[in-house]
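Working notes, structure below.
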Amino acid sequence: MTISLFIEQILNGLQFGVMLFLMSAGLTLVFGVMGLINLAHGSFYMIGAFAAALFAELTGSFMIAMIASFVAALFAGALTELIIIRKIYKRDHLDQVLATFALILLFSEGIRWIFGAYPLYLDIPNSLSSSFNLPFEIIYSKYRMMIILVGIIIAIILYFLISKTLIGIRIKAGQNDREMIGALGVDVTKLYTIVFSLGAALAGLAGALIGAIQSVEVGMGEPVLILAFVVIVIGGIGSIKGAFVGALLVGITDTMGRFLLPSFFSYFFDNASATSIGSSIASMSIYILMATVLIFKPSGLYGGKND
Amino acid sequence: MSKNSILIVLLILIIGGGTYYYLDKQKKDDVVKVGMITTLSGGGSGLGIDVRDGFLLAVKDYKNIQVVVKDDQRKPDIAVQLADKMIQSDKVDVLTGIIWSNLAMAVVPAAVNQDIVYLSPNAGPSALAGKGCHKNYFNVAWQNDNLHEAAGGYANSAGYKNTFILAPNYPAGKDALTGYKRFFKGNLAGELYTKLGQKDYAAEIAQIRASGADSIFFFLPGGMGIGFMKQYAQSGIDLPVVGPAFSFDQGILKAVGDAALGVKNTSQWSKDLDNEANKKFVSEFKSTYGRLPSLYASQGYDTGMLLLSALGNSSISDKDGFRNALKVADFSSTRGKFKFASNQHPIQDIYVREVIKEGDILTNKIVSIGLKDRSNAYVDACSLK
């Protein structure tokens, strides 16, 4: 194993991590601020990707496709909040799970009804389709580098939004005492709609960014949703900082596990069984990470803190 | 109304109902009930939809065949529930439809032991071909290893000496790499199992780059292959890629895009195979569904045609006769030549295809025959003769 391969894998882990962050930022706010378990968050990821594929086909512009993904998921989020989610804030978590699970089915089948069952085509722009040559003979995809940058920029924006602006203060206040800020004259319902749609829009953008290098298909959001839940449990529910740190931890653990464990086991077994055992354990690695974090910090890394 | 007349009315109802029931039962005896469990929603639904459409196209003119289609959502537990329900309450005679090997392993052994005939239109796990073979289990597609064996053979003839191979960590993935290695004579630059359903291959591609391989073989069906091919094309690695048809099939090519152009892949079927049955199938499929058929559609269609041929030569109530009629495989397959080996898996030619562009549409054309009259490696382990 060379240094360059190792660094390249770290970058891959980082890229996976910031993508997970875009997905979990909304999820953790919705869970933390409104106390809502939203299983349908993965559907906004899918809606973003499909909107991007549609607009890329219509306009041929990658930039417009990305904006379309953000806007489409924003609207889908706002509509869902206004029509359905609003009615279930006060209900039991089990009711919320049931209702948002139904939303997954509705969104998935709706998309399949409109676009068909086969994956759509969405490719990255030519200007980003090549690779960089970095020091230490590292070759890294420009597009993935761009994902890392976009993710970090959004993380910074969110950090300022939450800690420095009025709306951020209200969101934090809503997390602590929702009756009190209502009594102080803050329109809590409007605040909830904004937070929910913003979270959906970020998920939509993540779906479009990732759809371009993977595949745009029905049901693409659910596997990512599970990882996003792992991230917010590790980071602490309601904390944006926790989501960021958790996402990077999960991204790097998963990538490095997939990369290192099979070669680790090849010291003990023959190659075929080593890769098989290694990759089986690699797919457990993030859950082992989650369990370990929960043993020492039962409410997650940044849970219970006010940041 | 007097007491008597009420009695009479009741009597009429009883007799009438009884007769109706009797007649109804008579009618049912002539109807063959087929249960199709396949993936119709979520990821991988394109495969199930094609198998279903191909099968229904084959049997559409036969009123005595009743098909119950249900969606397994690619989940083994749901597939098992559906199979139980179809066997116990729908009383199906024949089961078919399963796409994924892990689902087939959950459903097939129990079903065939309840004397239900199972016709596999896709999955062909090695566990059901060797010791686990069964007189009620017929595979109409291939044994899982087959297309990969042909890929290994092709890699030899193309002069590759050092190949990097990867597949998902599930029964068909293991069969794939075993099949490839059975025929490939060169060295392995690396061997990887990825997670089933994984979409991002950055970590794997980085290892390929570092491995010094001269070629790549991968088996990543459905959306997994789309992700891999696109990311591979962007990585700037310029090694030749060989794979089975699953990642270069009609339904998927559009999403992969030009990244797939020129890739060699192995398949038992191709749209341009020159035989009457295939021409009829391709044109009927196009006119009925408005799209080009995939290899999954051809497998569904052949499954339907096999069933029709067996029903034409025997009756479903005579199980032994029906099985024998299936085993003869007296139907014209879209693949041309087709017959069953003693473990009831196909003996067929496997072709090497190349991805080309016909106008604006990406599709495949046959370049050579990879393996001629290929049976499978597990025939001897199976006790059926």
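The values are calculated or read from the model by the stated rules, or taken from the named source; none is laboratory data. Keep in mind it's a predicted model, so treat the numbers as computed, not measured. When we count neighbours, we look across all protein chains shown, and the Cβ atoms used for this are built from the backbone with ideal geometry, even at glycine. Remember, those area values only see protein heavy atoms, side chains included, never the ligands or the DNA or RNA. Shrake-Rupley method; radii C 1.70, N 1.55, O 1.52, S 1.80 Å.
For the stretch B:221-241, the condition holds for at least one residue, the condition being that it is within 11 Å of chain A (Cβ to nearest Cβ), open to solvent by less than 10 Å² (accessible area, probe 1.4 Å), of a type in the set (Val, Ile, Thr) and farther than 16 Å from B:TYR193 by Cα.
No other residue among B:PHE164, B:PHE183, B:PHE138 is under 30 Å from B:ALA111 (Cα atoms) and modelled with pLDDT of 90 or more apart from B:PHE138.
Looking at the structure I just gave you, is B:ILE216 surrounded by 22 or more Cβ atoms within 10 Å (Cβ to Cβ), modelled with pLDDT of 90 or more and within 11 Å of chain A (Cβ to nearest Cβ)? No, not satisfied.
Quick check: anything in the stretch B:217-233 in a helix (DSSP H, G or I), charged (D, E, K, R) and not assigned by TED's automatic domain parsing to the domain that holds B:ARG291? Within the stretch B:217-233, one or more residues are in a helix (DSSP H, G or I), charged (D, E, K, R) and not assigned by TED's automatic domain parsing to the domain that holds B:ARG291. The residues on offer are B:GLN344, B:GLN348, and the sole one that is crowded, with 17+ Cβ neighbours inside 10 Å and in a loop (DSSP other than H, G, I, E, B) is B:GLN344.
It is to be established whether one or more residues within the stretch A:199-216 are open to solvent by 60 Å² or more (accessible area, probe 1.4 Å), under 29 Å from A:MET146 (Cβ atoms) and within 14 Å of another protein chain (Cβ to nearest Cβ). No, because not a single residue in the stretch A:199-216 is open to solvent by 60 Å² or more (accessible area, probe 1.4 Å), under 29 Å from A:MET146 (Cβ atoms) and within 14 Å of another protein chain (Cβ to nearest Cβ). Looking only at the stretch B:122-140, residues that are outside any loop (DSSP other than H, G, I, E, B) and in contact (Cβ under 8 Å) with a residue 40 or more places away in the chain come to 5 in all.
A quick yes/no check of all residues on (1) among the hydroxyl-bearing types (Ser, Thr, Tyr); (2) out of contact with any helix residue (DSSP H, G or I) (no Cβ under 9 Å at 6 or more places or on another chain):
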| position | (1), (2) |
| --- | --- |
| A:GLY235 | no, no |
| A:ILE240 | no, no |
| A:THR255 | yes, no |
| A:PHE259 | no, no |
| A:ASP270 | no, yes |
| A:THR275 | yes, no |
| A:MET284 | no, no |
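Yes or no: A:LEU79 closer than 20 Å to A:ARG112 by Cβ, part of a loop (DSSP other than H, G, I, E, B) and open to solvent by 20 Å² or more (accessible area, probe 1.4 Å)? No; evaluated as a whole, the condition is false for this residue. When B:GLY97, B:GLY152 are screened for being under 16 Å from B:ASN265 (Cβ atoms), more than 14 Å from chain A (Cβ to nearest Cβ), touching a strand residue (DSSP E or B) at 6+ places or on another chain (Cβ under 9 Å) and open to solvent by less than 10 Å² (accessible area, probe 1.4 Å), only B:GLY152 passes.
For B:ALA260, the conditions (1) in the same structural domain as B:GLY130 (by TED's automatic domain parsing); (2) open to solvent by less than 10 Å² (accessible area, probe 1.4 Å) are fulfilled apart from (1). Residues satisfying the criterion are absent from the stretch B:175-190 (criterion: facing another protein chain (nearest Cβ under 7 Å), under 23 Å from B:ILE252 (Cα atoms) and crowded, with 24+ Cβ neighbours inside 10 Å).
Could you say whether any residue in the stretch B:305-322 is among the acidic types (Asp, Glu), on the phi < 0 side of the Ramachandran plot and touching a residue at least 12 places away in the same chain (Cβ under 8 Å)? No, because not a single residue in the stretch B:305-322 is among the acidic types (Asp, Glu), on the phi < 0 side of the Ramachandran plot and touching a residue at least 12 places away in the same chain (Cβ under 8 Å). Scanning the stretch A:238-268 for residues being surrounded by fewer than 22 Cβ atoms within 10 Å (Cβ to Cβ) and of a type in the set (A, V, I, L, M, F, W, C) gives a total of 9.
Within this structure, B:THR303 passes the test of being assigned to a helix (DSSP H, G or I), in contact with a helix residue (DSSP H, G or I) (Cβ under 9 Å, 6 or more places away or on another chain), open to solvent by less than 10 Å² (accessible area, probe 1.4 Å) and among the polar types (S, T, N, Q).
Residues in the stretch B:101-121 that are within 18 Å of B:ALA176 (Cα to Cα) and open to solvent by less than 10 Å² (accessible area, probe 1.4 Å): B:SER101, B:LEU103, B:ALA104, B:SER120, B:PRO121. The number of residues in the stretch B:201-238 that are in contact with a strand residue (DSSP E or B) (Cβ under 8 Å, 6 or more places away or on another chain) and at positive phi comes to 2. Summed over the stretch A:247-296, the residues that are in contact with a Ser or Thr (Cβ under 7 Å, 6 or more places away or on another chain) and touching a residue at least 40 places away in the same chain (Cβ under 8 Å) give a count of 5.
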